[in-house]
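Read through the structure below, which is laid out as structure tokens, and then see the notes.
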Amino acid sequence: MPSSNPRIAYEMSSARAKLRAPGGKPLIVHVVVNIEYWQFDQPMPRTIVVPPHGRSHIPDIPNFSWSEYGNRCGMPRLLQALGERKLPASASINASVLEIYPDLARAVREAGWEFVGHGIHQRSLGTESDERGLINGALSALEAFTGKRPRGWMSPGWSETFDTPDLLKEAGIEYVYQWVVDDLPAWMETKHGPMLSLPYSLELNDSVVYAIEKHSSSEMPLRVAQTLQTFEREIARTGQPRILTLPVHPHLTGVPHRIGFFREILDTLLARSDTVFMVGEEIANWYREEAPA
């Protein structure tokens, strides 16, 4: 039977096998903080200021500063918001951050966040001449810094080549975030055996909401509240857990007029009796026990 994609078999969410909620908590919350280095001497991955006359230029000071501000000022706010609440997070981190922003990298390590591979620079994998070397270089750098080889991967800008999942599995990666196809994990096919796809988010992603769709700062708590309403109905009807992923960036959620809304979202979720905050490897371990490949 033909498949809609070559990696993950199609299955309606209503037909999925019943899963036991971790610790009896059916609403799993996963906070993913994307920490990036935008190369000063390269075109910027995204722009907040359109270049004059529509012509890009290097160095691109305003758009580089957008990201740089996040790493200087936004990251302390995110670290504080999560640290005060003793909440775990997954850090999807460019390996170059370890060298370019060493104080930031050490603060994330001291906070106990999970380190997830996110390339070396914030640059599409499709532009790389040696994808295998880049993947292994990024993972080795994070392993040397943390003492633990990352189990998860999020490609910069969701980018992949046709070979990326095979190369990631070959390098020891057990789960990826860039296949945004379900509210629960799903098994992927690779040349080197099965690999997990963990739920991520486009609709609750601050890059989409704020940088692309350019909504007001209050849009995110509104979307989270409406998502929770739907998840509540589905959990009550089926008993099936749901994963709520919150992907954030320090230059977007960490700015002064948005960080308060992020805190509000965390407090709303913490006040519920049915939520559990987990990082990527905890979600992968839970799902692997519930639904082995």
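The values are calculated or read from the model by the stated rules, or taken from the named source; none is laboratory data. Keep in mind the model is a prediction, meaning the values are calculated, not measured. Backbone-built Cβ (ideal geometry, glycine too); neighbour counts: all protein chains shown.
Here are the numbers:
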{"item": "Test for Phe145: is it of a type in the set (A, V, I, L, M, F, W, C), in contact with a Pro (Cβ under 6 Å, 6 or more places away or on another chain) and more than 21 Å from Asp41 (Cα to Cα)", "result": "no"}
{"item": "Within segment 264-284, tally of residues that are within 13 Å of Leu87 (Cα to Cα), charged (D, E, K, R) and within 18 Å of the chain's Cα centre (by Cα)", "result": "0"}
{"item": "Filter result (part of a loop (DSSP other than H, G, I, E, B) and either closer than 17 Å to Pro45 by Cβ or without any contact (Cβ under 8 Å) to a residue 24 or more places away in the chain (or both)) within segment 153-176", "result": "Met154, Ser155, Ser159, Glu160, Phe162"}
{"item": "Selection count, segment 94-115, where residues are out of contact with any His (no Cβ under 9 Å at 6 or more places or on another chain) and part of a loop (DSSP other than H, G, I, E, B)", "result": "3"}
{"item": "Selected residue [among the small types (Gly, Ala, Ser) and within 20 Å of the chain's Cα centre (by Cα)] from Gly147, Gly193, Gly133, Gly83", "result": "Gly83"}
{"item": "Output for segment 18-46, where each listed residue is under 30 Å from Ala284 (Cα atoms), over 17 Å from the mean Cα position of the chain (by Cα), in a loop (DSSP other than H, G, I, E, B) and not hydrophobic (A, V, I, L, M, F, W, C)", "result": "Lys18, Arg20, Lys25, Pro26"}
{"item": "Search result, residues across segment 116-135 that are in a helix (DSSP H, G or I) and surrounded by 22 or more Cβ atoms within 10 Å (Cβ to Cβ)", "result": "Ile135"}
{"item": "Any hit, segment 39-50, residues being at pLDDT 95 or above, touching a Pro at 6+ places or on another chain (Cβ under 6 Å) and among the aliphatic types (A, V, I, L, M)", "result": "no"}
{"item": "Tabulated pairs, segment 59-77, first surrounded by 16 or more Cβ atoms within 10 Å (Cβ to Cβ), second at pLDDT below 95 and among the hydroxyl-bearing types (Ser, Thr, Tyr), C-beta under 7 angstrom, 6+ apart or interchain", "result": "Asn63/Thr47"}
{"item": "Strands (runs of 3 or more DSSP E) contained in segment 184-293 and holding at least 1 residues surrounded by fewer than 19 Cβ atoms within 10 Å (Cβ to Cβ) and touching a helix residue (DSSP H, G or I) at 6+ places or on another chain (Cβ under 8 Å)", "result": "275-277"}
